[in-house]
Structure formats: C-alpha cells, structure tokens
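Worksheet for the structure shown next.
The values are calculated or read from the model by the stated rules, or taken from the named source; none is laboratory data. This structure is a prediction, so every number in the text was calculated from the model and none was measured. Here the Cβ positions follow ideal geometry from the backbone for every residue, glycine too, while neighbour counts run over all protein chains shown. All accessible areas refer to the heavy atoms of the entire protein, side chains included, with ligands and DNA or RNA removed. Shrake-Rupley method; radii C 1.70, N 1.55, O 1.52, S 1.80 Å.
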Amino acid sequence: MRMRRVLIGVTAAAIVVATLLIGAVGVDFGASIYAEYRLSTTVRKAAHLGSDPFVAILGFPFIPQAMRDHYSELEIKAYAVAHSTVGQATLEATMHSIDLTYASWLIRPDAKLPVHKLESRIIIDSNHLGRYLGINDLMVQAPQQESNDATGGTTESGISGSHGVVFSGTPKSTNFDHRVSVAVDLSLAPDDQTTLVLTPTAVVTGPDTADQQVPDDKRDAVLRAFAGRLPNQKLPFAVAPNTVGARGSDVIIEGITRDVTIALDGFKQS
C-alpha cells in the first residue's frame, strides 16, 4: 500500500512538472511569434514594402534572449518586392548577434541595431530574369561541375560559383527557334557594383542541358541573346556585394559585412 502511494505521488509530481514545462514552452513560443509578427509589420511600414515580410527570430528559448536585449540570429525575407529593372525580386537579410539595447525586444521602427554579422541578398528568379532578357522560358542552373557536387554550392548559403552558370532557353530574337543552353559568367560591373553583368561564353551540351547544337552562323547571335547588364541591384541595408552566383533556378547577389549598425528603413534600397 505504501509503495502504491509513493508511486502515485511520484506520478502526480511528474505530471505537474511536465505540465509546467509544456506551459513554459508554450509561453516562450507565443512570445516569439508575437515579436516576429510585430517586427514583420514594422519592417513593412519602415521600408515601404507592399506586404509583410517573413521574419524569424532564431534560437531557443526566446524569452531569455529578449530579457538580455540580445537576439542570436534574425532573418528577414521579403518576396515579390517591386524592382525597377526586373519587375520583382526577393530581398533577404540574415543578422547574427543583434544588440537590442536601443531597440527593445519588439524593435521600434526608428531603432538603431548594432549587428555583429550581416548577410544581405537580392534574389532574381529565372522567370523575371528571362523576361528582362526576352527569353521567356529561361531556366538557370549552377555550373555543371558544381551541379554534380554533393556540397550543393560554394558558399555557406548555398550560392554557386559565378563562372559557367548554365542558362537554358529559346532565344527567339535570333530567329533560332530551339531551346539551347549557354554558359554565362556573372559579375558586378567594376564601375558600378550595383550593376549585374551577364557574359555568355559558350554553348553547352550534354546531360542536364538542352543538348542543342547551334550552327556556326547563328552562334554569335545566340550568345548575345543571353548577354545583359542589370542595374540597380542594391542589397538590403546598403551592404556592398561580394558574391554572385546561382542557387536553384535563381541568380543571387550577396554581401556579408561585420560590426555595423542598421535601421529598419534601410531594408529596401530602391
């Protein structure tokens, strides 16, 4: 009988502890969701976006981070942002070690945020890039040697190298009505780091390409159809770009900087 009472007592205590833990986790999760929602609406208003961006405050538990006025990692991602050159683009910013001393845990619209490491990206999908080039069926792939690499990219964020990115599409403006694949080098103009330069170098064939040969008398015209300059590629928070490449079927320009202080109205630069 005594053993039964002990077991009942232990079980009851365990249930109480489990209930308290579940409640604490629920409160912590709810607080993080509310903070993310508030920050999302604040960024939309401060940066004049058309809709609320995706926001994630990473790290568990959340409440101790808020009490310390310090977030470990914060992501902001805005889709379908109006862009004067390509029509629409995606903007991303990933912040590491954010000081909230001057901002509060809900981050006021006019707050200054010291950030230890800031990753900033503008992402152009193949659909909008193709429309800009006049190649409506454009698809973008990482360079062939990297497509077969288990690492899936050359940077921490999965962005490929900039040389030999494969563009596949039908260059109808050249009167060559066949889908082809072209190796394209991506770079930033030396006189203007906000201009993306597309330099086609060769027609490519074989696995994972359109596998279409181009006659010699059409080759130069086909290559020129994939060339272009895309101005006004300004990264969130005016970070200087240092990487350009492909990820999936997107072209991505990325900049990484350290020990900067930012304001939310700088998320969208153009």
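For the chain, what's the relative contact order in percent, using C-alpha pairs closer than 8 Å and at least 6 residues apart?
Normalised by residue count, the contact order of the chain is 18 percent.
What's the extension gain from LYS112 to ALA263 if we count 0.36 nm per residue and subtract their Cα-Cα distance?
Gain on stretching LYS112 to ALA263: 53.8 nm.
When we measure straight from the Cα of LYS234, which lysines land under 17 angstrom away, once same-chain ones fewer than 8 places off are left out?
LYS77, LYS268
Just reorder SER160, SER270 by solvent-accessible area, largest first, 1.4 Å probe, all chains present.
Final ranking, largest accessible area leading: SER270, SER160.
Keeping all protein chains in place, calculate the accessible area per residue for the chain (probe 1.4 angstrom), answer in Å².
Here the per-residue accessible area is 51 Å².
Along the Cα→Cβ direction, 7 angstrom out, place labels at HIS96 and THR199. What is the inter-label distance in nm?
Placing both labels 7 Å beyond Cα along the Cβ direction yields 3.1 nm.
Over the chain, with every protein chain in place, what whole percent of the accessible area is carbon and sulfur at 1.4 Å, could you tell me?
Summing carbon and sulfur atoms, their accessible area is 56 percent of the total for the chain.
Could you run the Karplus curve 6.51 cos²θ - 1.76 cosθ + 1.60 with θ = phi - 60° over region 123-131 and give me ³J(HN,Hα) per residue in whole Hz, x for Gly and Pro?
Whole-Hz 3J(HN,Hα) from phi for region 123-131: 10, 10, 7, 5, 5, 6, 5, x, 4.
Under the rule of at least 5 residues apart or a separate chain, name every residue whose amide H is placed under 5 Å from the amide H of ASN242.
GLU254, GLY255, ILE256
Each label point is 7 Å from the Cα along the Cα-to-Cβ direction; what then is the distance between the points at ASN136 and SER187, in nm?
Reported label-point gap for ASN136 and SER187 is 3.3 nm.
Report Rg (one decimal) and Dmax (nearest whole number) for region 24-104, counting Cα atoms only, units Å.
14.1, 48
Rounded to the nearest 20 Debye, what is the dipole magnitude of the chain about its Cα centre when Lys and Arg each give +1 and Asp and Glu each give -1 at the C-beta?
Using Cβ point charges on Lys, Arg, Asp and Glu, the chain gives about 1120 debye.
Jot down the per residue volume, in cubic angstrom and as a whole number, of the convex hull over the alpha-carbon atoms of the chain.
Working: hull volume 45.1 nm³, N = 270.
Convex hull volume per residue, Cα atoms: 167 Å³.
Work from the charge dipole of the chain (Cβ charges, +1 for Lys and Arg, -1 for Asp and Glu, about the Cα centre) and give the residue of ILE98, VAL180, SER157 farthest towards its positive end.
Projecting each Cα onto the dipole axis, the largest value belongs to ILE98.
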